[in-house]
Every structure is written in structure tokens, then in C-alpha cells.
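Novice: For reference, the structure I am asking about is given below.
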Amino acid sequence: MLLCGSVSGQDIHFSQYDGSLLNHSPAFTGMFNGDYRVGAIYRSQWQAVPVPYSTFSMNGEARFKPPSFAKDMIGAGVLFNSDKAGDTRYGTTHLYLSGTYLHSATADSSLLVSAGLNVGWCQVGFDYERMTFDNQFDGLQYNPTLASGERFTWTKYNYADINFGLAAQYRINRSLNVTYGFSLLHLTTPVISYQGNFVSRLDMKIGNYVRVVTPVSAKADVIGEALFNKQGKYYEVIPHGSVKYYLNRDDNKAVLAGACWRARDAVIFRVGYTYKTMNSGIAYDINTSKFIAATNRRGAFEIFINYIIKKEPSYVAKKRVCPVFM
């Protein structure tokens, strides 16, 4: 499976996929230890092409426990994506609202499963003014005042999108923690066309994500991850391994270092830092595909940060009878 993967794809993607789990599956909404979570990730790609490609994503989530629920919870979140690519600044913008149902499958909450759905407004478009055409060559040079001879019904297109996901988090014992996520994205295979036809559609995307964390000493954990996406005839496979070294385990103060491999495309080096409920990371892709003729092996720079907010439990003063007045 690792050898047959192709780099090509239709959706935005991140090397640090654990830094933007809502882009993988809506079922991860609210699956964290806290009350709220906010995060952002930025990727700048192919600086030497010569037009860089940039992608930005941010999310906010909350989880609630209705009074009628014994152990289960409800998660809600919002996800925003912005992607700019190429000379015409071809842009993709997403705004999703997501909801999940989180169920504790064991008495000690060691197994948590969830099902989630998100719906969104999306837009794709390009800057027509940045384009040049053969008809605008006057015999000597490019003349922008000449008609291009091209006609677009529109240069921006809006569509609705629906995504579904399942996820599970299982703490088998103190030494092993496993997370799995599954997703079906673009369930309605929305039309994306600038000519007013139904030929060009966004393929459904199937995703699988797995993460395993196990301690190897009092000071270190080993983290193994893998992401497998299939969209239309294209595949994306990214295995990842890293070591998390604790400076203070009680405060979750630690540094991380590791590497990934995007099949047939790039080698990715990653470093990270965590402190209490804050998680951050930096990655750099070194391109290894045939595209190195244009990139000079320069791939992408990426940075992310996530922060979980926990509400302090309210203090309730206990009333006691003063012994002086007894």
C-alpha cells in the first residue's frame, strides 16, 4: 500500500495532519480532554516554482454534557480553510459547521467513540486579470488591451458540501493509547465548473487515520501515525514516527522530533513542543518526486498550534456550625 501511493489529489492537505484533525474527519470535533479547543495551521509550499502556494486553516470547538446524559457528550465546532495557488491565485475557501455525538463505551471512559457530520459553504475562484492568452499577442508583444477570445460564465463558484466521519480513542492501559478516524468527504460530489455544466465534479474522498502512543521510558514516548486518503483515482499515504521527550511529564512539558514520508513525493522532518494543554509543531517537506526540476527539492514549510481550554470547577463553600455558638 505504501509503494503504490500517488502524490496527486484534489483537496488541500497538511503534512502535520494531527494538527488539523477536523480537516480529516468531523468525528474529531470535541474529542479532547477539556471544554474548548482552538487551533490554526499554515502551510507555504513550493517557494521556488516561482509562485508559492499557501494554505491556512483554523478551527474552534466545544463539547457539552447535557444534564440528561450520564456519560455521553455533544461536540460542536467551526472550521475555516483558505487556499491560494498559482499565477491566477486560484482560491479555495471553506466554512464548515460540525457536530458530533461522543459515547463512552466503557465504565471508566477508556474507550470513547464518536460519529460526526459537518456541512459547509465553499467557494472556488481565480483572478481573471492575471491571465494572458495567445489572442493578446499583437505580432510583436503582449497587448493587454486586445480581447482574449475566451468567455467564462463566472470566475467564482459557490457550492455546498457535506462530510461524515467516525472516530475512536482507546486507552488500553497506561502504556498504550490508540486513536482511529474514518471519513467520507464530499458525499454529494458537488459540481465545480466555470462553464455552467455538470461535467466537473469533486470526487468523494475516503480517509483513514491511526495514531499509537506508547511510553518507552519515564522520560519518553514513541508516537506512530499513518494517514491514507483516496480521492477518485488518486491516493495519498503518509506514515509518521516521532519521539516525545518530557522535560516535565506532570505539566506535559515536552519536545518532539520525527519524520514522515509522503509516498512518491516528499520526505518530511518535524519538530514540536507541548506544554500543559498547548500543542505546536513545525515541519519542512523536501521534495523527492519528478517535480524537483521545478522545486529544486524545496517543498513546504508548515507550522501549527492547538490550545485546549479547561474551565475551572466552581467552588462551593461548605456550611458548618461554628462550635462557639453550640
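The values are calculated or read from the model by the stated rules, or taken from the named source; none is laboratory data. Keep in mind that this is a model prediction, so the values were computed, not measured. Positions of Cβ are backbone-derived with ideal geometry, glycine not excepted, and every protein chain shown enters the neighbour counts.
Novice: In the stretch 249-269, which residues are of a type in the set (Lys, Arg), in a strand (DSSP E or B) and within 24 Å of ILE12 (Cβ to Cβ)?
Specialist: ARG262
Novice: Taking the condition buried (at least 16 other Cβ atoms within 10 Å of the Cβ) and among the small types (Gly, Ala, Ser), does GLY120 pass?
Specialist: Taking the combined requirement at face value, the residue satisfies it.
Novice: Let me ask something else about it. Among the residues of the stretch 153-185, how many are of a type in the set (Phe, Trp, Tyr), touching a residue at least 40 places away in the same chain (Cβ under 8 Å) and over 21 Å from HIS24 (Cβ atoms)?
Specialist: Of the residues in the stretch 153-185, 1 are of a type in the set (Phe, Trp, Tyr), touching a residue at least 40 places away in the same chain (Cβ under 8 Å) and over 21 Å from HIS24 (Cβ atoms).
Novice: Would you be able to say whether some residue in the stretch 128-149 is closer than 30 Å to LYS71 by Cβ and part of a strand (DSSP E or B)?
Specialist: Checking the stretch 128-149: not a single residue is closer than 30 Å to LYS71 by Cβ and part of a strand (DSSP E or B).
Novice: Here is a check on your reading of the model: is THR100 under 29 Å from THR189 (Cα atoms), out of contact with any Ser or Thr (no Cβ under 6 Å at 6 or more places or on another chain), surrounded by 14 or more Cβ atoms within 10 Å (Cβ to Cβ) and not aromatic (Phe, Trp, Tyr)?
Specialist: no
Novice: Step by step: first the residues of the stretch 158-207, then only those that are of a type in the set (Val, Ile, Thr) and not in a strand (DSSP E or B), then the one that is surrounded by the fewest Cβ atoms within 10 Å (Cβ to Cβ). Which residue is that?
Specialist: Looking at residues that are of a type in the set (Val, Ile, Thr) and not in a strand (DSSP E or B), I get VAL199.
Novice: Taking interchain pairs and intrachain pairs at least six residues apart, which have beta carbon atoms under 6 angstrom, with the first residue in the stretch 45-61 and surrounded by 15 or more Cβ atoms within 10 Å (Cβ to Cβ) and the second charged (D, E, K, R) and at pLDDT 95 or above?
Specialist: Partner pairs satisfying both residue conditions: GLU61/ARG37.
Novice: How do the pairs read when you match residues in the stretch 76-105 that are without any contact (Cβ under 8 Å) to a residue 60 or more places away in the chain with residues anywhere that are of a type in the set (Phe, Trp, Tyr), using Cβ under 6 Å and keeping only pairs 6 or more apart or on different chains?
Specialist: LEU79/TYR96; SER82/PHE56; ALA85/TYR53; THR88/PHE126; TYR90/PHE126; LEU95/PHE80; LEU95/TRP121
Novice: Ok, one more. Suppose we filter LEU166, LEU146, LEU140 for residues that are touching a strand residue (DSSP E or B) at 6+ places or on another chain (Cβ under 9 Å) and farther than 30 Å from VAL216 by Cα; which single one remains?
Specialist: LEU146
Novice: Kindly evaluate ASP138 against the criterion of being touching a Lys or Arg at 6+ places or on another chain (Cβ under 6 Å), surrounded by fewer than 16 Cβ atoms within 10 Å (Cβ to Cβ) and not hydroxyl-bearing (Ser, Thr, Tyr).
Specialist: No.
Novice: For LEU227, only one of the following conditions fails: (1) outside any strand (DSSP E or B); (2) under 18 Å from ASP11 (Cβ atoms); (3) among the aliphatic types (A, V, I, L, M). What is its number?
Specialist: (1)
Novice: Of everything in the stretch 161-176, what is out of contact with any helix residue (DSSP H, G or I) (no Cβ under 6 Å at 6 or more places or on another chain) and not charged (D, E, K, R)? Give them in sequence order.
Specialist: ILE162, PHE164, ALA168, GLN169, TYR170, ILE172, ASN173, SER175, LEU176, listed by residue number.
Novice: Return yes when PHE69 is without any contact (Cβ under 8 Å) to a residue 24 or more places away in the chain, within 16 Å of the chain's Cα centre (by Cα) and either in a strand (DSSP E or B) or surrounded by 14 or more Cβ atoms within 10 Å (Cβ to Cβ) (or both) and no when it is not.
Specialist: no
Novice: Further, regarding this structure: Checking the conditions here, which among TYR307, TYR246, TYR235, TYR273 is in contact with a strand residue (DSSP E or B) (Cβ under 8 Å, 6 or more places away or on another chain), modelled with pLDDT under 90 and not in a loop (DSSP other than H, G, I, E, B)?
Specialist: TYR235
Novice: Oh, and also: Here is a list: HIS103, HIS94. Which entry is farther than 30 Å from TYR284 by Cβ, in contact with a strand residue (DSSP E or B) (Cβ under 6 Å, 6 or more places away or on another chain), part of a strand (DSSP E or B) and not aliphatic (A, V, I, L, M)?
Specialist: Answer to the check: HIS103.
Novice: Right, here's the next one. Do we find a residue being under 14 Å from the mean Cα position of the chain (by Cα), under 17 Å from TYR101 (Cα atoms) and not in a strand (DSSP E or B) anywhere in the stretch 28-49?
Specialist: Yes, because at least one residue in the stretch 28-49 is under 14 Å from the mean Cα position of the chain (by Cα), under 17 Å from TYR101 (Cα atoms) and not in a strand (DSSP E or B).
Novice: Here are some conditions: (1) in contact with a helix residue (DSSP H, G or I) (Cβ under 8 Å, 6 or more places away or on another chain); (2) outside any strand (DSSP E or B). ASN81 meets all but one. Which one does it not meet?
Specialist: That leaves (2) as the condition not met.
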